[in-house]
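For reference, the structure is listed below as structure tokens.
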Amino acid sequence: MPFVRPFRMVIGAAAAGLLLTFALRAADARAGARVQQQLEAFTGVTTNGQVVGGLFTVRASGVSTEPVVTAGRAFLAVLTPEQRARTSFDVDADEWRLWNNVHRYRRQGVSFLELSESQRTAAWGLLQSSLSARGFDRTRNIMRLNGHLADVLNRPAEYGEYLYNLTVMGAPSPTEPWGWQLDGHHLIINYFVLGDQVVMTPTFMGSEPVSADSGRFAGITVMQEEQDRGLALMQSLNEGQRQRALIASDKTANVPLAHAFRDNAVIETAGLRASELDAQQRALLLALIEEYVGNMATGHARVRMDEVSRHIDDTHFAWIGGVSDDAVFYYRIQSPVLLIEFDHQSPVALDGPRGVPTRRHVHSVVRTPNGNDYGKDLLRQHYELHRDDPAHGHRH
């Protein structure tokens with residue numbers, strides 16, 4: 001696959017072992033303990049293996065997280081003691097990093113499938129307090145399409161609307177670090193909270209199929225805005241810009257580099273720098289980024305977009321595939337504080353030639369490079385700030 005070369009991903013012995021562990025866990029539900037033992041130390045996504053420091057700061061964002069704290073406490077309160085024990089982890093637990101977008105995977109926490117209606121309502125409340133209306137609708141529609149897939153294939157043990165698990169890391173608090181994770185097929189949200197700061201990465205969204213044209217979920221569609229806005233940006237480029245953005249014109253395989261178990265991926269920058277865009281093209285790029293960032297609640301999305309905008313001139317846009325209106329493609333947006341990948345994937349559950357990407361199967365992932373996925377850089381700074389403060393009770 002020659003077009004992968006510009007995306008050089010450095011894989012050492014530890015990372016190779018991690019990928020092997022990923023394969024074992026996907027095939028064998030009992031492999032969870034082995035994964036936990038073999039996770040390499042977290043660095044974060046970088047361009048050269050070295051973290052760029054000073055990008056993230058513990059500070060007041062001015063956007064309250066009180067609704068999220070209240071909803072988190074309400075969710076935990078309605079669980080049984082056994083469920084609460086099963087879904088509660090330390091704020092710095094490895095469980096953050098054990099998410100997986102594949103459907104055959106043993107997940108921690110409590111599943112929506114096992115929750116009563118009142119418990120499920122509290123779980124929806126946690127998601128709604130954390131996400132924008134658009135982000136919540138996307139989340140629910142991905143879950144519904146997983147239910148549609150179960151109906152089409154008649155495989156409810158593998159796919160389903162409620163086969164998604166929630167875990168809570170730390171205790172919901174207005175001052176202490178905590179967070180929650182949603183983990184399931186084609187849908188992972190990691191949501192870290194520290195005071196009034198929020199980090200919502202890694203976030204994985206996708207679907208196969210991307211729309212339902214029959215059955216109880218007929219009319220549900222996802223991932224079209226992310227697809228269409230990406231293509232509109234690429235089509236807006238002049239010939240010279242397009243050639244600099246283009247990595248390869250043929251999209252013949254699945255491309256993404258920053259999916260599950262790739263927390264320390266080393267991905268060189270490639271493509272067109274945003275500093276080369278005109279005002280209209282830059283607006284298209286920011287609107288495309290906002291499609292992803294805007295899944296967060298509005299105030300925190302605004303804070304995040306301000307962060308992204310400060311690094312816009314050092315942002316790259318890269319493309320693999322065609323540029324016709326019906327093309328299949330991959331694109332990546334990469335800056336010191338943001339990584340987005342969108343990819344048309346080959347069939348897995350649906351019919352069609354294996355290894356041939358189509359628009360019916362889409363993956364996307366959003367990460368915070370340079371050490372702040374899962375809010376880890378903010379958590380590190382919080383520990384350092386309160387290292388000698390016994391009132392915080394942190395272990396170092």
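Taking the criterion of being open to solvent by 10 Å² or more (accessible area, probe 1.4 Å) and part of a helix (DSSP H, G or I), would at least one residue in region 341-355 satisfy it? Scanning region 341-355 turns up no residue that is open to solvent by 10 Å² or more (accessible area, probe 1.4 Å) and part of a helix (DSSP H, G or I). Scanning region 72-84 for residues that are in contact (Cβ under 8 Å) with a residue 60 or more places away in the chain and open to solvent by less than 20 Å² (accessible area, probe 1.4 Å), we see that the one that is farthest from TRP178 (Cα to Cα) is PHE75. Selection of region 114-148 for residues being in contact (Cβ under 8 Å) with a residue 60 or more places away in the chain, over 15 Å from ALA297 (Cβ atoms) and open to solvent by less than 20 Å² (accessible area, probe 1.4 Å) yields ILE142, LEU145, ASN146, GLY147, HIS148. Applying the criterion of being touching a strand residue (DSSP E or B) at 6+ places or on another chain (Cβ under 7 Å) and β-branched (Val, Ile, Thr) to the residues of region 356-373, the residue that is surrounded by the most Cβ atoms within 10 Å (Cβ to Cβ) is THR368.
Specify which of the listed residues (PRO336, PRO347, PRO353) is of a type outside the set (A, V, I, L, M) and at pLDDT below 95.
Values: PRO336 fails: at pLDDT below 95; PRO347 fails: at pLDDT below 95.
The conditions single out PRO353.
Which residues, counting only those in region 214-230, are open to solvent by less than 10 Å² (accessible area, probe 1.4 Å) and in a helix (DSSP H, G or I)? Of everything in region 214-230, those that are open to solvent by less than 10 Å² (accessible area, probe 1.4 Å) and in a helix (DSSP H, G or I) turn out to be GLU226, GLN227, GLY230.
For region 231-260, the set of residues classified as open to solvent by 40 Å² or more (accessible area, probe 1.4 Å) and not hydrophobic (A, V, I, L, M, F, W, C) consists of GLN235, SER236, ASN238, GLU239, ARG242, GLN243, ARG244, SER249, ASP250, THR252, ASN254, listed by residue number.
Would you check which residues across region 85-98 are touching a residue at least 24 places away in the same chain (Cβ under 8 Å) and open to solvent by 70 Å² or more (accessible area, probe 1.4 Å) and list them? Steps first, answer last, please.
Taking region 85-98 and keeping what is touching a residue at least 24 places away in the same chain (Cβ under 8 Å), we get 86-98.
Answer for region 85-98, where residues must be touching a residue at least 24 places away in the same chain (Cβ under 8 Å) and open to solvent by 70 Å² or more (accessible area, probe 1.4 Å): ARG86, ASP90.
Determine whether region 270-292 contains at least one residue that is under 24 Å from VAL68 (Cα atoms), open to solvent by 10 Å² or more (accessible area, probe 1.4 Å), out of contact with any Pro (no Cβ under 7 Å at 6 or more places or on another chain) and of a type outside the set (Asp, Glu). Yes.
Applying the set (1) under 24 Å from VAL51 (Cα atoms); (2) touching an Asp or Glu at 6+ places or on another chain (Cβ under 8 Å); (3) part of a helix (DSSP H, G or I) to GLU291 leaves exactly one unmet item: (1). Does GLY170 satisfy being crowded, with 24+ Cβ neighbours inside 10 Å and small (Gly, Ala, Ser)? Answer is no for this residue. For region 149-161, the criterion of being on the phi > 0 side of the Ramachandran plot, touching a residue at least 60 places away in the same chain (Cβ under 8 Å) and not in a helix (DSSP H, G or I) is met by none of the residues. In region 162-213, the residue that is farthest from GLY299 (Cα to Cα) out of those that are assigned to a loop (DSSP other than H, G, I, E, B) and charged (D, E, K, R) is ASP213.
If you go through region 40-59 one residue at a time, do you hit one that is under 26 Å from LEU115 (Cα atoms), out of contact with any helix residue (DSSP H, G or I) (no Cβ under 7 Å at 6 or more places or on another chain) and open to solvent by 70 Å² or more (accessible area, probe 1.4 Å)? Write out each step before concluding.
Just the residues of region 40-59 that are under 26 Å from LEU115 (Cα atoms), to begin with: none.
So far as region 40-59 goes, no, none of its residues is under 26 Å from LEU115 (Cα atoms), out of contact with any helix residue (DSSP H, G or I) (no Cβ under 7 Å at 6 or more places or on another chain) and open to solvent by 70 Å² or more (accessible area, probe 1.4 Å).
The values are calculated or read from the model by the stated rules, or taken from the named source; none is laboratory data. On a predicted model such as this, the values are computed, not experimentally measured, just so you know. Neighbour counts are summed over all protein chains in view; Cβ atoms, including those assigned to glycine, are modelled from backbone coordinates with ideal geometry. Quick note on the areas: whole protein, heavy atoms, side chains included, nothing else; ligands and nucleic acids left out. Shrake-Rupley method; radii C 1.70, N 1.55, O 1.52, S 1.80 Å.
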